[in-house]
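Below you will find the structure I want to go over with you.
The values are calculated or read from the model by the stated rules, or taken from the named source; none is laboratory data. These numbers come from a predicted model, not from an experiment. Because the Cβ atoms are built from the backbone with ideal geometry, glycine has one as well, and the counts that use them run over all protein chains shown. Heavy atoms of the whole protein, side chains included, go into the accessibility calculation; ligands, DNA and RNA do not. Shrake-Rupley method; radii C 1.70, N 1.55, O 1.52, S 1.80 Å.
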Amino acid sequence: MGASPSSPSPFPPLLEDEEQPPSTTAAASSSKTSKKLALIPLVFLIYFEVAGGPYGEEAAVGAAGPLFAILGFLIFPFIWSIPEALVTAELATTFPGNGGFVIWAHKAFGPFWGSMIGCWKLLSGVINLASYPVLCTDYLKLVFPVFSSGFPRYLAILFSTLFLSFLNYTGLTVVGYTAVCLGVLSLSPFLVLSLVSIPKIDAGRWMSLGQKGVQKDWRLFFNTLFWNLNFWDNASTLAGEVEQPQKTYPRALFSAGILTCFGYLIPLLAATGATPLDQEKWVDGYFADLALMIAGNWLKIWIEIGAVLSVIGLYEAQLSSCAYQILGMADIGVVPRLFGARSKWFNTPWVGILVSTLVAVAVSYLNFADIISSVNFSYSLGMLLEFASFLWLRWKFAEANRPYKVPLPFAGLVVMCLVPSGFLVYVMVVANKTVYLVNAVLTLVGIFWYFLMNLCRSRMWIEFESSGLKKDQILLS
């Protein structure tokens, strides 16, 4: 898969024997005093990358019934979320730097595959980003019906996207502590819902396989689980902005994992146990109606407000990941140097924020179902390459200094990666023709981009970083 060691590469090496001068973007960063992300803000940024609250898990009950939904959110983290988080913890601490998985694939298989995983993950990220202003507008239309359709709806999506992007521009530390506040505020109504539900819970309702006559939709069921429990690796693109990433990342991933699992399971158990099953009503947004039945209109309104706050947190976390991924790709020469430009005022990657925002605005007017399916497919391609990179780097650099190391032998690591990889293949196989077409086009665009960048570099039409990663950014012994 990777380039031959003897063949010349137009991209800068990721590791040299001698010390490299810092890159332009790195120099700009170091010349400015900027605060690093601490543990708690990173926990909530990861939480919003992955979940953002129970909003959206309702479809699992509608697709397969309460028992399968509960089992799904109980078991799926062990076969998917935990392996992905463990891979992220080891690679983010062994190969720290903005760019995350781009650095890992680049180091494992060469610049072409580094560029391709960057393309797949970035496209899945910005397409995913586009869904959040749509969701925000869907909640706003409940209060302001004028935003239901037509020009006012398009205008609301545009302005909400621009406003949220500007907040991200003001600094990652601001975004991190904003995520903490949004996380607490958006989860609090579900804590109240769970407490109020306790006297009304009938545990027998948890055993229901669904109502008679309602067909199970396994594609929707698994896509819902996947949608609600993926993107654990996205925060790896922020490694260069994190305080002591070798210590902070494992702790943050573990804490975010606990928060995510309990944040899904407890409200699901409370709502399914406290109310009679009306399966066809279990669609996105149904938690607000359940709150009305269980506690009253005051809790319904609280959950709807929490949903809007959750969407804001989801957008900010995803945009940060996309923007710093672009910055990291510029630092290692996958994209031109200009993509690594930082703001003079806030030291944020303003070009990365701008590019991600423009793509998100364009994609946000597509069908929402196609948005989600396209995200899942391109993300699956990227994750298969990421698992392969993890295994190859563990094999190739077995003696590397790893601040955190997954405590399994190599054969165990293969099994750990094969199980979620099987699910990734399933997600890709059940996709529809539109998703196949969209991702085929996007992949071809990624291949074309790689060779175009090669041509631009060889002809010196555009300026690229020439130093690659500094030696101290890759902890090889």
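Looking at 302, 227, can you tell me which residue is modelled with pLDDT of 90 or more, within 28 Å of residue 42 (Cα to Cα) and open to solvent by 30 Å² or more (accessible area, probe 1.4 Å)?
Sole residue among the options that is modelled with pLDDT of 90 or more, within 28 Å of residue 42 (Cα to Cα) and open to solvent by 30 Å² or more (accessible area, probe 1.4 Å): 302.
I'm trying to understand the selection: among the residues of the stretch 331-350, which are of a type in the set (Lys, Arg) and part of a loop (DSSP other than H, G, I, E, B)?
Passing the criteria: 342, 344.
Another question, if that's okay. Going by the structure shown, is residue 458 among the small types (Gly, Ala, Ser), at pLDDT 85 or above and out of contact with any Pro (no Cβ under 7 Å at 6 or more places or on another chain)?
no
Considering each residue of the stretch 395-416, count those that are assigned to a helix (DSSP H, G or I) and under 20 Å from residue 253 (Cβ atoms), and give that number.
Count: 3.
Let me spell it out: the conditions are (1) open to solvent by 10 Å² or more (accessible area, probe 1.4 Å); (2) at pLDDT below 90; (3) closer than 26 Å to residue 122 by Cα, and residue 257 meets all of them except one. Which number is the exception?
That leaves (2) as the condition not met.
Let me ask another. Touching a Pro at 6+ places or on another chain (Cβ under 6 Å) and surrounded by fewer than 21 Cβ atoms within 10 Å (Cβ to Cβ): which single residue out of 160, 149, 208 fits that description?
208
Which pairs do you get when a residue that is over 23 Å from residue 215 (Cβ atoms), found in the stretch 278-302, comes within reach of a residue that is among the hydroxyl-bearing types (Ser, Thr, Tyr) and in a helix (DSSP H, G or I), reach meaning Cβ atoms under 6 angstrom, with the pair 6+ apart or on two chains?
As it stands, the answer is 294/197, since those pairs meet every condition given.
Within the stretch 126-141, is even one residue in contact with an Asp or Glu (Cβ under 9 Å, 6 or more places away or on another chain), surrounded by fewer than 23 Cβ atoms within 10 Å (Cβ to Cβ) and not in a helix (DSSP H, G or I)?
Scanning the stretch 126-141 turns up no residue that is in contact with an Asp or Glu (Cβ under 9 Å, 6 or more places away or on another chain), surrounded by fewer than 23 Cβ atoms within 10 Å (Cβ to Cβ) and not in a helix (DSSP H, G or I).
Sticking with this structure for a sec: Given the criterion under 30 Å from residue 254 (Cα atoms), in contact (Cβ under 8 Å) with a residue 40 or more places away in the chain, surrounded by fewer than 20 Cβ atoms within 10 Å (Cβ to Cβ) and β-branched (Val, Ile, Thr), identify the matching residue among 361, 375, 419.
Result: 419 is the single residue among 361, 375, 419 that is under 30 Å from residue 254 (Cα atoms), in contact (Cβ under 8 Å) with a residue 40 or more places away in the chain, surrounded by fewer than 20 Cβ atoms within 10 Å (Cβ to Cβ) and β-branched (Val, Ile, Thr).
Same structure, new question: Could you say whether any residue in the stretch 324-334 is more than 25 Å from residue 105 (Cα to Cα) and in contact with a helix residue (DSSP H, G or I) (Cβ under 8 Å, 6 or more places away or on another chain)?
Scanning the stretch 324-334 turns up no residue that is more than 25 Å from residue 105 (Cα to Cα) and in contact with a helix residue (DSSP H, G or I) (Cβ under 8 Å, 6 or more places away or on another chain).
What pairs can you find where one residue is in the stretch 151-170 and over 20 Å from residue 344 (Cα atoms) and touching a residue at least 60 places away in the same chain (Cβ under 8 Å), the other is open to solvent by 40 Å² or more (accessible area, probe 1.4 Å) and part of a helix (DSSP H, G or I), and their Cβ atoms are less than 9 Å apart, with a gap of 6+ or different chains?
Once the first residue is over 20 Å from residue 344 (Cα atoms) and touching a residue at least 60 places away in the same chain (Cβ under 8 Å) and sits in the stretch 151-170, its partners that are open to solvent by 40 Å² or more (accessible area, probe 1.4 Å) and part of a helix (DSSP H, G or I) give 157/147.
Of the numbered conditions (1) outside any helix (DSSP H, G or I); (2) modelled with pLDDT of 90 or more, residue 97 satisfies every one except a single condition; which is it?
(2)
Let me ask you something else. Could you go through the stretch 240-251 and let me know if any residue there is open to solvent by less than 50 Å² (accessible area, probe 1.4 Å) and of a type in the set (D, E, K, R).
Yes, the stretch 240-251 contains a residue that is open to solvent by less than 50 Å² (accessible area, probe 1.4 Å) and of a type in the set (D, E, K, R).
Name every residue in the stretch 32-81 that is farther than 26 Å from residue 283 by Cα, outside any helix (DSSP H, G or I) and open to solvent by 10 Å² or more (accessible area, probe 1.4 Å), in order of residue number.
Within the stretch 32-81, 32, 33, 34, 35, 36, 38 qualify.
Just wondering, is there one or more residues in the stretch 269-288 that are among the aliphatic types (A, V, I, L, M), at pLDDT below 95 and assigned to a helix (DSSP H, G or I)?
Yes; the residues of the stretch 269-288 include at least one that is among the aliphatic types (A, V, I, L, M), at pLDDT below 95 and assigned to a helix (DSSP H, G or I).
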